[in-house]
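K.L.:
Dumping the structure here so I can ask a few things about it.
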Amino acid sequence: MDNHNDDTTPIVPIHYNLEMGSLDGRAVIEFEDESLVSPAAASISTNKHSFHEITHISAATSAKSFKQHMRNSVIDSIKIVIFSAKINILMPLGPLAILVDKMSGSHGWVFFLSLLGIIPLAERLGYATEQLACFTGPIVGGLLNATFGNITELIISIYALKSGMIRVVQQSLLGSILSNMLLVLGCAFFSGGIVFYEKEQVFDKATASVDSGLLLMAVMGLLFPAVLHSTHTELHFGKSELALSRFSSCIMLVAYASYLAYQLKRQKNQYIPVDGGETPTEEGSDEEEAPEISMWESIIWLSILTAWVSFLSEYLVNAIEGASASLKIPVAFISVILLPIVGNAAEHAGAVMFAMKDKLDISLGVAIGSSTQIAMFGIPFCVVAGWVMGRPMDLNFQLFETATLFISVLVVAFMVQDGTSNYLKGLMLVLCYLIVAASFFVHIDPSSIADKPPKPSH
């Protein structure tokens, strides 16, 4: 009993002092009491306090680090996208065109400045698409490159269509096809032939033949409405031509969708139409560079650049008529030659660069692939869009334009049929483009864009 009392007597005054002592004393006594009852309790309590303090400090540090990382990421992204390319020195010309339009209204200067201002935007659109393609894989990446590679031309066409400038839409899309087939492909063949002058460069002629066949199909779609109109053999004058165009456009869209499915099936041994970023072979994929910006940064930049191109295209389209009068340049020449050269600036540079690296399949994907997309998707899409907007956009591009396209497609088809290229073939294609450009400079378009927008058709 004595031993039991001796063991318990120290505990009683401790509890007494715990209740009667001061606040500071109670904290000390409570700690001592718990230590006597359970020696591990002090360690657990200390660890809890330490854990909460470390968590609080860690959270504050993480939040600060995250904000700093985001700030650095935005700055780095702006440096890479805006300040890394020398061609971006032309970017300020876009806002300058808007300023000139608001202050002086000089259509010639507005057209010239906005034309130059769109060039770096088109190039950066191609760059952002290539970066996004690094995260989506080769199949989706190829489709993204093909789509955004021609987004500038499509945006300009939609604005012109809304303004009732149907001939500008037709001629700019036609000019985009001619520019890609003759100028871009010609420069690629010529540059590659000069660098590798001791040998003939080779490419997949089977795939090039498929694209040539699709271009001939597009010529067929444009040829019949033009002949129907010129021979005055329409069943219902003014209506049969439009109905045929809309029907043919739907057929061409189905054909293009089938072409995409065919591409995806034969992805392994086939080039995909790209804007200078897709590699068709294992050798090319080994040399593929790592992305410079993240996926979400690519998406955000694509949205910003597309919106800016759309905004600037409105000023460009509205200044076409005034620029034609002040600069004494035919509207047909502006639409067929000048506008497509701007829209195809990124593709042009990419095709030449890859040809000089002996990657001719990619160059053909850029040049003929883009022509195929405009012919089989861009033109029919605008016809259907005009149908929705109540604009009588049709496939009657007039005999002069249709004949030009027909001869150009034949020339390119003969050039690529054997699957080889050299500098002479490239020079011939470029010279053909110069003949086409001179022809449109002296061509008087039978239709004027000054006509009032037509009434909506149902």
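The values are calculated or read from the model by the stated rules, or taken from the named source; none is laboratory data. Predicted, not measured: the structure shown is a model, and the values here were computed from it. When we count neighbours, we look across all protein chains shown, and the Cβ atoms used for this are built from the backbone with ideal geometry, even at glycine. Note: accessible area is taken over every heavy atom of the protein model, side chains too, but ligands, DNA and RNA are not part of it. Shrake-Rupley method; radii C 1.70, N 1.55, O 1.52, S 1.80 Å.
K.L.:
What is the residue count in segment 302-336 for residues that are of a type in the set (A, V, I, L, M), more than 21 Å from the chain's Cα centre (by Cα) and assigned to a helix (DSSP H, G or I)?
P.N.:
Summing the residues that are of a type in the set (A, V, I, L, M), more than 21 Å from the chain's Cα centre (by Cα) and assigned to a helix (DSSP H, G or I) in segment 302-336 gives 8.
K.L.:
On the basis of being within 27 Å of Leu125 (Cβ to Cβ) and either open to solvent by less than 40 Å² (accessible area, probe 1.4 Å) or not aliphatic (A, V, I, L, M) (or both), does Leu395 make the cut?
P.N.:
Criteria not met by Leu395.
K.L.:
For segment 411-426: of the residues being in a helix (DSSP H, G or I) and more than 29 Å from the chain's Cα centre (by Cα), which is surrounded by the most Cβ atoms within 10 Å (Cβ to Cβ)?
P.N.:
Checked segment 411-426; the qualifying residue surrounded by the most Cβ atoms within 10 Å (Cβ to Cβ) is Lys425.
K.L.:
Next up: Starting from segment 218-232, keep only residues that are more than 11 Å from Met376 (Cα to Cα), then list their pairs with residues that are open to solvent by 60 Å² or more (accessible area, probe 1.4 Å) and in a helix (DSSP H, G or I) whose Cβ atoms are within a distance under 6 Å, requiring at least 6 positions of separation or different chains.
P.N.:
Ala226/Leu399; Ser230/Leu399
K.L.:
Please tell me if Phe148 is under 30 Å from Trp301 (Cβ atoms), assigned to a helix (DSSP H, G or I), in contact with a Leu (Cβ under 7 Å, 6 or more places away or on another chain) and aromatic (Phe, Trp, Tyr).
P.N.:
Yes: the conditions hold for Phe148.
K.L.:
Follow-up. Whether any residue in segment 365-384 is at pLDDT 85 or above, of a type in the set (A, V, I, L, M) and surrounded by fewer than 24 Cβ atoms within 10 Å (Cβ to Cβ) is what I want to check.
P.N.:
Yes, that holds for at least one residue.
K.L.:
Return only the number of the condition from (1) surrounded by 13 or more Cβ atoms within 10 Å (Cβ to Cβ); (2) over 30 Å from Leu399 (Cβ atoms) that Tyr197 does not satisfy.
P.N.:
Unmet condition: (1).
K.L.:
Additional query: Give the residues of segment 370-422 that are β-branched (Val, Ile, Thr) and in contact with a strand residue (DSSP E or B) (Cβ under 6 Å, 6 or more places away or on another chain), sorted by residue number.
P.N.:
Thr420
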